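The values are calculated or read from the model by the stated rules, or taken from the named source; none is laboratory data. Quick caveat, the model's predicted, so the values are computed rather than measured. For neighbour counting, all protein chains shown are included, and Cβ atoms are generated from backbone atoms with ideal geometry for every residue, glycine included. When the accessible area is computed, the model is the full protein with side chains, heavy atoms only, and any ligands, DNA or RNA have been set aside. Shrake-Rupley method; radii C 1.70, N 1.55, O 1.52, S 1.80 Å.
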Amino acid sequence: MAGPSTPATALLGRLGIAHSVLAYPHDPRHGSYGAEASQALGVAPEQVFKTMVAEVDGALTIGVVPVAGQLDLKALAAAAGGKKASMAAAAQAERATGYVTGRIPVVIDTSALGFPTVYCSAGRRGLEIALAPADLVRAAGAVVAPIAAPRVTSGRGRGAAGTAG
C-alpha cells in the first residue's frame, strides 16, 4: 500500500483494501491518459480502466470502462435504472467528481471481473492504483454491468459512446 497519498488511496487505506500505487512519468501531450498509463506500465489496455461521467435521466452517473473501449450510454442508462444517458459536460464533470463515494452512482464494466488485478487512476496524472476488481467495486460502492462497447476507430461511430481516456 506504499506510494503517494491521494483522496483515492486514502479511501482505500481507510477501508483496509490492499492496493499498490504505481507512478510513471506523465506526458501532458499524450492524447489519452488511459492509453498512456497502459503503455507506461506495460499493462494490456483491457486491464486499465477509465472513469466517464455521464448524465442518466438528469442525474450524474460514473461509468468505469476499459481504456481500450468506449462507454455504451444506452447500457449505462439501463444499468443505472434510467432511460436516457448522455456524456456530462466537462465543466460539470470536473465540479462533481471528488472522492466522496456514494454521492454519484458508479457502474463498473463486467470485464473488470475477468482480471485478478485492474488499474485505475489514483487521482493524479502519472499515478495509477492496482487492486482486485472486487475491491474496486466495494470501494466505489458500484454495481457491475456490461457497459463497455468496442472503440470505434473510423470517423463514423455511435454518437452515444464516450471516448475520453
Tabulated pairs, region 79-98, first closer than 18 Å to ASP109 by Cβ and open to solvent by less than 50 Å² (accessible area, probe 1.4 Å), second modelled with pLDDT of 75 or more and assigned to a helix (DSSP H, G or I), C-beta under 6 angstrom, 6+ apart or interchain: ALA85/LEU73; ALA85/LEU76; ALA85/ALA77
Report, by residue number, each residue of region 42-59 that is over 25 Å from PRO25 (Cα atoms) and either hydroxyl-bearing (Ser, Thr, Tyr) or surrounded by fewer than 17 Cβ atoms within 10 Å (Cβ to Cβ) (or both). ASP57, GLY58, ALA59
Any pair with Cβ under 6 angstrom, 6 or more apart, that starts in region 120-136 at a residue that is in contact (Cβ under 8 Å) with a residue 12 or more places away in the chain and ends at one that is open to solvent by less than 20 Å² (accessible area, probe 1.4 Å) and assigned to a helix (DSSP H, G or I): ALA122/ALA8; ALA122/THR9; GLY123/ALA8; GLU128/ALA37; PRO133/ALA112
Determine whether LEU71 is open to solvent by 30 Å² or more (accessible area, probe 1.4 Å) and not charged (D, E, K, R). no
So PRO66 ticks every box in (1) modelled with pLDDT under 95; (2) within 22 Å of PRO133 (Cβ to Cβ); (3) open to solvent by less than 40 Å² (accessible area, probe 1.4 Å) but one. Which box is left unticked? (1)
Going by what's in this entry, would LEU15 be described as open to solvent by 50 Å² or more (accessible area, probe 1.4 Å), in contact (Cβ under 8 Å) with a residue 24 or more places away in the chain and not β-branched (Val, Ile, Thr)? yes
Given (1) assigned to a loop (DSSP other than H, G, I, E, B); (2) free of Cβ contacts under 8 Å to residues at least 40 places away in the same chain; (3) under 19 Å from ARG138 (Cα atoms), SER5 misses just (3)
For region 14-61, name all the residues that are of a type in the set (Ser, Thr, Tyr) and in contact with a Pro (Cβ under 6 Å, 6 or more places away or on another chain). SER38, THR61
Somewhere in region 131-148, is a residue at pLDDT 95 or above, over 15 Å from MET52 (Cα atoms), in contact with a helix residue (DSSP H, G or I) (Cβ under 6 Å, 6 or more places away or on another chain) and in a loop (DSSP other than H, G, I, E, B)? no
Can you tell me which residue in region 102-115 is modelled with the lowest pLDDT, limited to those that are outside any helix (DSSP H, G or I) and open to solvent by less than 40 Å² (accessible area, probe 1.4 Å)? ILE104
Conditions (1) aromatic (Phe, Trp, Tyr); (2) within 12 Å of the chain's Cα centre (by Cα); (3) at pLDDT below 95 -> TYR99 fails only (2)
Looking at region 27-41 only, could you name the residues that are part of a helix (DSSP H, G or I) and either open to solvent by less than 20 Å² (accessible area, probe 1.4 Å) or polar (S, T, N, Q) (or both)? GLY34, GLU36, ALA37, SER38, GLN39
Residues (over 17 Å from GLY141 (Cα atoms) and assigned to a strand (DSSP E or B)) located in region 58-90: PRO66, GLY69, GLN70, LEU71, ASP72, ALA85, SER86, MET87
